[in-house]
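The values are calculated or read from the model by the stated rules, or taken from the named source; none is laboratory data. This structure is a prediction, so every number in the text was calculated from the model and none was measured. No Cβ is skipped: glycine too gets one built from the backbone with ideal geometry, and neighbour counts run over all protein chains shown. Accessible surface areas use protein heavy atoms only, side chains included; no ligands, DNA or RNA. Shrake-Rupley method; radii C 1.70, N 1.55, O 1.52, S 1.80 Å.
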Amino acid sequence: MVFVMSDRPFFFRCINEACHKEFDIGRKLYQCPSCSDLLDIIKPPPDLDPTQLKELFRQRAASKNPLDISAVWRYREFLPFEERDLGHVVTMGEGNNPVLETPRCAEYVGLNRLRVKHLGWNPTGSFKDYGMTTAVTQAKKLGSRVVACASTGNTSASMAAYCARAGLRAVVFIPEGQIAFGKLSQSLDYGALTLQLEGNFDVAMGLVRELSDETDLYLMNSINPFRLEGQQTVILELLEQLDWKVPDRIVVPGGNLGNCSSYGKILMDLKKMGFIDKVPRITIIQASGADPLYRTLVTSSAELVPVPDAWTLASAIKIGKPISWKKALRTLKFTDGWCDVVSEQEIADAKATLGLDGIGCEPASATTVAGLKKLMKLGQDDVTMDPDEDVIAILTGHQLKDPDYTVNYHLDNLHEHAIYENNLIEKSGKIKSTFANKPMEIGPDKEKIIRLLKL
Ligand code: F0G
């Protein structure tokens with residue numbers, strides 16, 4: 001029987017309740033060696049009680065210690081690292097992004113109030129930095145020589161940066177011609193070996209998983225539980241920003257489903273510890289052309305219903321076979337959450353509405369606002385939303401990751417469908433630029449400008 005119980009306080013445990021085998025945290029594992037299911041990291045509850053911990057976190061926020069400046073390591077009592085690991089942490093002061101009011105978006109979706117937490121204001125411009133600081137720290141601790149990931153662009157950007165800081169060799173596998181340029185530029189800049197693969201993200205993911213099983217490559221996708229451990233601190237940071245008042249609902253985009261999975265896990269832990277008395281409903285929004293979780297849910301399938309030719313202009317979430325789907329379903333069950341889908345048109349208009357609130361984001365992030373609008377309108381049985389609900393939308397990536405999308409929208413030149421074949425893009429089905437803000441061409445003519453501006 002494969003059963004290696006750790007003598008350390010943390011250990012891996014298979015999420016499959018019929019298996020639940022436990023493994024040493026010091027092993028390079030991503031899946032259960034016994035039944036191949038996903039792994040959780042199990043941690044003993046912190047020694048301090050919730051009141052003491054809240055006070056400790058409050059004090060650390062004023063400290064100049066790099067570990068306290070990071071909104072991941074500030075909550076280190078919730079991370080699977082020991083005191084002696086803390087001298088080797090790879091951090092860039094990640095987190096510390098604000099919760100912002102979005103009055104125009106609130107009106108647009110039909111809520112009385114809507115706030116967003118913008119994870120795109122991180123060192124590499126996406127939420128990935130929360131989990132990369134912990135995963136790269138673990139890679140160093142394991143003595144890994146080469147680390148790798150498949151990516152739609154943000155994981156690779158973040159991994160490349162943190163590996164450069166740590167002095168680790170980084171290899172990224174990206175679907176050729178299918179990631180936004182801002183993201184590609186990052187992995188090049190940070191010195192990662194960048195392999196542009198023929199095929200989509202799911203092909204790249206399958207390949208890098210095989211390579212990491214067969215060689216000593218250390219895998220940095222969110223199947224690696226150390227990624228999700230770091231990402232959990234988004235919830236701690238958010239709750240602290242809200243004075244520990246738990247919102248009714250947290251809305252998050254769904255791609256490879258790591259984010260929502262990590263939120264579910266920390267909420268389970270916090271509830272068990274008595275840290276929170278209520279659980280926010282996690283609502284996952286997918287693009288309608290890349291909606292495997294939604295399909296799985298609505299068909300009540302026991303297995304994932306993959307989308308072989310997943311497609312969306314929100315390239316970050318163009319994923320048809322998400323790795324963490326079982327953990328995502330667990331999150332939905334525990335939080336009484338829901339998953340829904342939005343069209344390309346809905347994503348584009350929601351993104352433009354966020355823009356009118358002065359908040360830029362990449363298209364994948366705007367699924368949250370688009371999803372809220374849809375749910376408010378539908379008033380579905382499963383998700384009856386009240387205009388007074390206290391809702392937080394999670395924005396996952398910075399606007400400048402994918403400026404082409406934004407400029408094309410405002411130039412009224414965004415097309416709904418693209419078929420990638422030998423790198424040729426075929427366009428069909430135009431997206432209506434409902435809120436277009438076209439630039440105007442004008443000569444250096446002062447009088448004309450005064451007339452135009454009615455000055
Ligand atoms: N938003 C952005 C900006 C992303 O980059 C991703 C995923 C998601 C949402 C979806 O998050 O996978 O946790 O459900 N990007 C990955 C990547 C897949 O390779 O950069 P998820």
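Residues to consider are VAL407, VAL383; find the one that is of a type in the set (A, V, I, L, M, F, W, C), modelled with pLDDT of 95 or more and surrounded by 12 or more Cβ atoms within 10 Å (Cβ to Cβ).
VAL407
Can you name every residue in the range 220-233 that is closer than 9 Å to TYR130 by Cβ and away from the ligand (no atom under 11 Å from the Cβ)?
Hits for the range 220-233 are GLY230, GLN232, THR233.
All but one of (1) in contact with a Lys or Arg (Cβ under 6 Å, 6 or more places away or on another chain); (2) at pLDDT 95 or above hold for CYS105; state the number of the condition that does not hold.
Looking at each condition in turn, CYS105 falls short on (1).
How many of the residues making up the range 292-349 are out of contact with any strand residue (DSSP E or B) (no Cβ under 7 Å at 6 or more places or on another chain), part of a helix (DSSP H, G or I), within 15 Å of the ligand (Cβ to nearest atom) and open to solvent by 10 Å² or more (accessible area, probe 1.4 Å)?
4
If THR283 meets every condition in (1) under 23 Å from VAL116 (Cβ atoms); (2) touching a helix residue (DSSP H, G or I) at 6+ places or on another chain (Cβ under 8 Å); (3) outside any strand (DSSP E or B) apart from one, which number is that one?
(3)
Let me spell it out: the conditions are (1) surrounded by 21 or more Cβ atoms within 10 Å (Cβ to Cβ); (2) without any contact (Cβ under 8 Å) to a residue 60 or more places away in the chain; (3) in contact with a Leu (Cβ under 6 Å, 6 or more places away or on another chain), and ILE284 meets all of them except one. Which number is the exception?
(3)
Name every residue in the range 22-73 that is surrounded by 14 or more Cβ atoms within 10 Å (Cβ to Cβ), in a helix (DSSP H, G or I) and of a type outside the set (Lys, Arg), in order of residue number.
PRO50, LEU53, LEU56, PHE57, LEU67, ASP68, ILE69, TRP73
What pairs come out if I take residues in the range 432-455 that are under 30 Å from CYS105 (Cβ atoms) and pair them with residues that are part of a helix (DSSP H, G or I) and among the aromatic types (Phe, Trp, Tyr) whose C-beta lies under 8 Å away, six or more apart or interchain?
SER433/TYR409; ALA436/TYR409
Against the conditions (1) closer than 30 Å to ALA352 by Cβ; (2) modelled with pLDDT under 95, where does ARG145 fall short? Just the number, please.
(1)
List the number of the failed condition for PHE275; all other conditions in (1) buried (at least 24 other Cβ atoms within 10 Å of the Cβ); (2) in contact with a helix residue (DSSP H, G or I) (Cβ under 6 Å, 6 or more places away or on another chain) hold.
Unmet for PHE275, out of (1) buried (at least 24 other Cβ atoms within 10 Å of the Cβ); (2) in contact with a helix residue (DSSP H, G or I) (Cβ under 6 Å, 6 or more places away or on another chain): (1).
How many residues does the range 272-291 hold that are farther than 26 Å from TYR409 by Cα and either within 22 Å of the chain's Cα centre (by Cα) or within 16 Å of the ligand (Cβ to nearest atom) (or both)?
Step one: filter the range 272-291 for residues farther than 26 Å from TYR409 by Cα, giving 272-283.
Remaining after also requiring either within 22 Å of the chain's Cα centre (by Cα) or within 16 Å of the ligand (Cβ to nearest atom) (or both): 279-283.
Counting residues in the range 272-291 that are farther than 26 Å from TYR409 by Cα and either within 22 Å of the chain's Cα centre (by Cα) or within 16 Å of the ligand (Cβ to nearest atom) (or both) gives 5.
With of a type outside the set (S, T, N, Q), surrounded by fewer than 22 Cβ atoms within 10 Å (Cβ to Cβ) and modelled with pLDDT of 95 or more as the only criterion, which of LEU228, LEU217, LEU236, LEU257 stands out? Explain how you work it out, then say what you get.
Numbers: LEU228 fails: surrounded by fewer than 22 Cβ atoms within 10 Å (Cβ to Cβ); LEU236 fails: surrounded by fewer than 22 Cβ atoms within 10 Å (Cβ to Cβ); LEU257 fails: surrounded by fewer than 22 Cβ atoms within 10 Å (Cβ to Cβ).
Exactly one residue qualifies, and that residue is LEU217.
Listed here are the residues, each with its yes/no results for (1) open to solvent by 10 Å² or more (accessible area, probe 1.4 Å); (2) in a loop (DSSP other than H, G, I, E, B).
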position	(1), (2)
TYR75	no, no
PRO80	no, yes
LEU86	yes, no
ASN96	yes, yes
ARG115	yes, no
VAL172	no, no
